[in-house]
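Everything on this sheet refers to the single structure shown next.
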Amino acid sequence: MAMSESGMSKAKNMRRVAPLLVSMVLASVSIPGWAQVGEYELKAAFIGKFTHFVRWPARPAQVFRLCTIGDNPFQGALEDLVKLTPIDGRSAVFVDIHQPEEVKACDMLFISTSEQHNLAHIRRNLGNSPVLTVADTPGFAEQGVMINFVHQGGKVRFEINPQAARAAGLQISARLLKLAIVVPPEAQARNGVAP
C-alpha cells in the first residue's frame, strides 16, 4: 500500500525528531528546560509581530536595533529573528547591551527580569526616547514598560501600557490593543509612575 504525501512527510519529520528525543533521554535533559526554550521562541515570534503593529516616529538610522539588557533568555531566537526579517522597513541587528546608558540607541529593548533592580535607572535613561520597551516580569507594565508578557490561564499573553508608548511618541495599533491586557493609568499611579 502506497503512503500518502502527508504520511511520507510525517514519517520524514519523525526520523528527524527521533534522534533528538533519544539524545534528550540519554542526556537526562529536563523537559522544563526545553519548555522554557520553546516559550522564549514563542516570545521572540511575538516580538517580531509587535513591530508590525507599532509606528515609530521618523528616525535617521537606517538599521533597526533590537536590543536586550540583562540576562538574555532567548538563546539565539532574537538573533535569528533579525537575520530573517526586516523590521519597520529597515534591515535589523541584534545588540546585547550591558549599561543603562546605552538604551537610547535601541529601537526596541527587551528588559530582562535580572534588571528588576535597575528598571527605574533604565527608564530614566530612556526618558521619552522612541524605544519600544518589552519585558516578561510581573509588574513591569505598571512601572512604565510598554509591553509585558504574562502567563494567564496556561497561555502566554501580553499587557500593554499605552500611556508609556504615547509618551515616547510611539503609536500602537488598535488591533494590537484589542488583543492585549491594557494597563490603566491608575495602575501606574499606584506604583508612583507618571503616565
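Since every read-out is calculated from the coordinates, none of them should be taken as a lab result. Nothing here was measured: the structure is a model prediction, and the numbers come from that model. For neighbour counting, all protein chains shown are included, and Cβ atoms are generated from backbone atoms with ideal geometry for every residue, glycine included.
Suppose we keep just the DSSP beta bridges with both residues in segment 56-135; what percent of those would be antiparallel, to 5?
Around 5 percent of the beta bridges assigned by DSSP in segment 56-135 are antiparallel ones.
I need the peptides 92-99, 146-153, 106-113 ranked by packing, meaning the mean over residues of other C-beta atoms within 10 angstrom, with the highest value on top.
Highest-to-lowest ranking by the protection proxy: 106-113, 146-153, 92-99.
Restricting everything to alpha-carbon atoms, can you work out Rg to Rh for segment 96-195 with a Kirkwood hydrodynamic radius?
Value, to two decimals: 0.94.
Once you put a point 7 Å from the Cα of GLN116 and another 7 Å from the Cα of ASP96, both along the Cβ direction, what distance in nm separates them?
2.3 nm
Contour minus end-to-end for GLU79 and GLN62, with contour as 0.36 nm per residue of separation and end-to-end as the Cα-Cα distance?
4.3 nm
Over 25 Å between C-alpha atoms is what I'm after, so list which of LYS104/LYS178; LYS83/LYS155; LYS49/LYS83; LYS83/LYS178 land there.
Violating the 25 Å limit, Cα to Cα: LYS104/LYS178; LYS83/LYS155; LYS83/LYS178.
Per 5 Å bin from zero, what fraction in whole % of the C-alpha pairs of segment 50-98 is there, up to the bin with the longest pair?
Using 5 Å bins, I get a P(r) of 5, 19, 29, 24, 17, 6, 1 for segment 50-98.
Considering all alpha-carbon pairs of segment 94-155, what whole percent are spaced by more than 18 angstrom?
When every Cα pair of segment 94-155 is considered, 29 percent fall beyond 18 Å.
Under a 5 Å amide H to amide H cut-off, with H placed in plane at 1.01 Å, what residues pair with PHE149 once short-range neighbours are removed?
Answer set, sorted by chain and number: ALA135, ASP136, THR137, GLU159.
What number comes out for the charge environment of CYS67, summing +1 per Lys or Arg and -1 per Asp or Glu over other residues with Cβ under 11 Å away?
-1
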